[in-house]
Amino acid sequence: MANTVFESKASWAGGLKLNLQSRNHKWVVDEPEILGGTDQGPNPVELVLGGLASCVGVLVSLYAPAHKVELKDFQVHVEGDLDLDGFQELAQVRPGFSEIRYKVEIQSDSPNENIDSLLRHINRICPVKDTLSGVDVLSQNSLVAK
């Protein structure tokens, strides 16, 4: 299958708030008040964590039948360590996450070996996890003067 291009667009809404759009879906991104925002939406790093959580969740739902796992319910918990001094240039530390952890909690009567097989499979094929493991991010900035 050929590469598929996915895209999102962010438009400034004043302050630290942005309006995001992907296809026909729209949402607001903002920083918490403690970081100078108005807390009207998740911030960019929370969206990264949410992207991982939702990708893992979609894959659990998609591949559970193939692994003979009958889902009653599940949750995906994601957390990451970020030193705010990095992007604020207050210290010589990485500006991004130093570590991201996720945990999947599945409620099922299926055998544990089936659930383990499902989770190993997802860990191996998750596109967002793979992307976070390292991909070149290219800046194609342009200046539009009015």
Order these peptides, 53-64, 88-99, 8-19, by their mean beta-carbon neighbour count within 10 angstrom, highest first.
53-64, 8-19, 88-99
Tilt, helix 44-63 to longest principal axis of the chain (alpha-carbon atoms), in degrees rounded to tens, equals 20 degrees
If I model a spin label at residue 34 and residue 116 as a point 7 Å from the Cα along the Cα→Cβ vector, what separation in nanometres do I get?
3.9 nm
List nothing, just return the count: lysine pairs in the chain, 8 or more apart or interchain, with Cα separation under 27 Å.
14
FRET E, pair residue 88, residue 144, Förster distance 25 Å, beta-carbon r, rounded to 0.05
0.35
Amide H neighbours of residue 74 under 5 Å, counting only residues 5+ apart in sequence or on other chains, H built in-plane at 1.01 Å?
107
From Cα pairs below 8 angstrom and at least 6 apart in sequence, can you work out the relative contact order of region 1-42, rounded to a whole percent?
27 percent
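Per 0.36 nm of contour for each residue apart, how much would the distance between residue 99 and residue 12 grow if the chain were fully extended, relative to their Cα-Cα spacing?
Going from the current span to full extension adds 28.4 nm.
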With only helices counted (DSSP H, runs n ≥ 4, each -39500 (n - 2.57)), the per-residue ellipticity at 222 nm for the chain, to the nearest 500, works out to -9000 deg cm²/dmol
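Any read-out appearing in this document is the output of simple, stated calculations on the displayed coordinates, not a laboratory observation. It should be emphasised that the depicted structure is a prediction, and the values quoted were computed from it without experimental measurement. Reconstructed Cβ throughout: ideal geometry from the backbone, glycine too, with neighbour counts over all protein chains shown.
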